[in-house]
Amino acid sequence: MAFSRRDFLKRSCCTAAAGLAAANFSRFSLMSALAQSSQDYKALVCIFMFGGNDSNNMVVPFDSAGYAAYQKARSVIALPQNQLLPINPPSIGSPFAFHPRFVELQGLFNNKQLALLANVGTLVAPTTRSQFQQGQAALPQNLFSHADQQAQMQTASFDGSGDTGWAGRTADKIQAIYGQNFPIVISLAGTNIFCEGLVARSIESSGDPTQLLDGFNGSDEDNARLSALQNLLTFDTGISLIQAASSATSNALQDSKTLAAALASNPPLNTKFPTSYFAQQLKQVAQIIQARGALGTQRQIFFVEIDGFDTHSDQIVTQDGLYADLSQAMGAFFQATTELGVASDVTAFTLSDFGRTYLPDSNTGTDHAWGSHHLIMGGAVAGGDFYGTFPTLVLDGPDDATDEGRWIPTTSLDQYGATLAAWFGVAPADLPSIFPNLANFSTPTLNFMGAGAKASAKLRT
């Protein structure tokens, strides 16, 4: 297999720094970064639900007629109405309900700290059922493929050419404003394209970045070895590729040391997190946010994952466990941001490969689809409501790309991401360079962020 320069750099610094990967950029003065005010702080937390989340069972019509139609269409995977958790999004005008395991998220929704964005997807331009079926629509490459759609949701490049992620490109723009020394983007879920930019480097850890580097545990001998390695990395070989790899490795070593030192000064969080892998990622995010002053950071983007959503069979049982984990961990994370006094400065949001078919398959599961609903959580969110356009939940209906309930998105990933990036501090003029399809939509940003925002959701008629 041939490796690109980016691949080479990534592998070099991961080997030397126990899974920490970094893209090279010119360092700014650490003292200058630390001197900046910590009052202007914002963080985005991307929760990626790998496998393709069936959001048709995440939120369900709760009125008599709507639930009856849902029950008929979904048959063996329909959730019992008496187990659902009622919510009342005012912009919709009819009651809905969350999955029975969304106890914590129901509370956040009712307290206006959680919103739902309906029917989002990798949409090149507004698309109708007729255009799709007649081959007249510009479509994402390999629309129902896991690998392709995971990459496209992370890059916002739908032709397969994306080699940077929209978090990385957002960091590139923000880096120019704040010039903070410590990386803006941190992944707790290993290396991914979402975090890759052109200028601002990232930390991408497949383990726990709060721990010291493997093999360097603070003894005199270990410190001598680490110093020798750092000196080797400064040698001028005259070969630009080696110099770039050495610089990236050196940055990764320094970032790990800086992060470990900053976290060591944190008092323990009072908030208790569940013990699941996903919840512990969010706990680590909270701990890094807690250390924001010591790190001199005013803007941070995090990437975490929860896996297992490719529910081709036994969906009821599988989703029951996944949604319990999702709700409990997100609830604990919001509580932690409240404890830290940053609930209005931290916005968490979900992404996933795609939605899943409304029609169940023969194994009490669902197949790959397109549009899906997503959750946005935080004190700055105009919560307690739905945004976007909720699809008509009818097989072979106006929003069905096929005849199995593959909803054609009515809100694009570009609009979703641009709204979050604008809240984060990206200038409106810079949004199209991060989200290349944004110009195809008459409303580039939505109104689910910010105090006093009015809901815009509606039912398709």
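The values are calculated or read from the model by the stated rules, or taken from the named source; none is laboratory data. Quick caveat: nothing in here was measured; it's all calculated off a predicted structure. Glycine also receives a Cβ, built like all others from the backbone with ideal geometry; neighbour counts cover every protein chain displayed. With ligands, DNA and RNA removed, areas are computed over all heavy atoms of the protein, side chains included. Shrake-Rupley method; radii C 1.70, N 1.55, O 1.52, S 1.80 Å.
One chain, two ends: Asn111 and Ser145. Fully extended at 0.36 nm per residue, the span grows by 8.6 nm beyond their Cα-Cα distance. Peptide packing: for 425-434, 358-367, the average count of neighbouring Cβ atoms within 10 Å per residue gives the ranking 358-367, 425-434, highest mean first.
Quick one: which residues, 5+ away or cross-chain, put their amide H under 5 Å from the amide H of Ala138? H built at 1.01 Å from N. Those lying under 5 Å, H to H, from Ala138: there are none. Using R0 = 56 Å, the C-beta based FRET efficiency linking Leu269 and Gln83 works out to 0.95.
For a Förster distance of 45 Å, can you work out the FRET efficiency between the beta-carbons of Gln136 and Thr338, rounded to the nearest 0.05?
Working: r = 49 Å, r/R0 = 1.09.
Here the calculated transfer efficiency is 0.40.
With 0.36 nm allotted per residue and the present C-alpha distance subtracted, the Leu198-Val76 stretch has 39.1 nm of extension available. Rounded to the nearest Hz, the phi-derived 3J(HN,Hα) couplings of region 328-342 under the Karplus curve 6.51 cos²θ - 1.76 cosθ + 1.60 (θ = phi - 60°) are 5, 5, 5, x, 5, 5, 4, 4, 5, 5, 5, 4, 7, x, 10, where x marks glycine and proline.
Among Ser412, Ser64, Ser130, the order of accessible area from largest down is Ser64, Ser130, Ser412, computed with a 1.4 Å probe on protein heavy atoms.
Answer with one residue from Pro126, Ala78, Phe158: the one whose Cα lies farthest towards the positive end of the charge dipole of region 62-170, charges on Cβ with Lys, Arg +1 and Asp, Glu -1. In region 62-170, that residue is Ala78. Set the bar at 25 Å for Cα to Cα. Now go through Lys112/Lys283; Lys42/Lys272; Lys173/Lys272; Lys42/Lys173 and name every pair that lies beyond it. Result: Lys173/Lys272 exceed 25 Å.
Using a Förster radius of 56 Å, what is the FRET efficiency between Ala68 and Ala176 based on their Cβ-Cβ separation? Nearest 0.05, please. Mind dumping the intermediate values first?
Numbers: r = 54 Å, r/R0 = 0.97.
Taking R0 as 56 Å, the efficiency between Ala68 and Ala176 is 0.55.
Extending 7 Å from the Cα toward the beta-carbon at both Ser362 and Ile316 defines two label points whose distance is 2.0 nm. Would you mind pulling out the separation of the Cα centroids of region 373-403 and region 79-104, in Å? Region 373-403 and region 79-104 have Cα centres separated by 14 Å. Compared with the direct C-alpha span, the chain from Ala429 to Val124 gains 107.8 nm at full extension, assuming 0.36 nm per residue. Per residue, region 63-111 exposes 47 Å² of accessible surface when a 1.4 Å probe is rolled over the protein heavy atoms with every protein chain present. Counted by Cβ distance under 11 Å from Gln141, the other residues give a net charge of -2, where Lys and Arg count +1 and Asp and Glu count -1.
Counting charges near Tyr277 (Lys, Arg +1; Asp, Glu -1) among other residues having Cβ under 13 Å from its Cβ returns a value of -3.
Taking K and R as +1 and D and E as -1, what net charge do the other residues with C-beta under 13 Å from the C-beta of Thr297 add up to? Don't jump to the answer; show the numbers that get you there.
On the way: positive: Lys42, Arg292, Arg299; negative: Asp40, Asp255, Asp345.
Local charge sum for Thr297: 0.
Here region 322-461 is treated with +1 on each Lys and Arg Cβ and -1 on each Asp and Glu Cβ, and its dipole about the Cα centre works out to around 420 debye.
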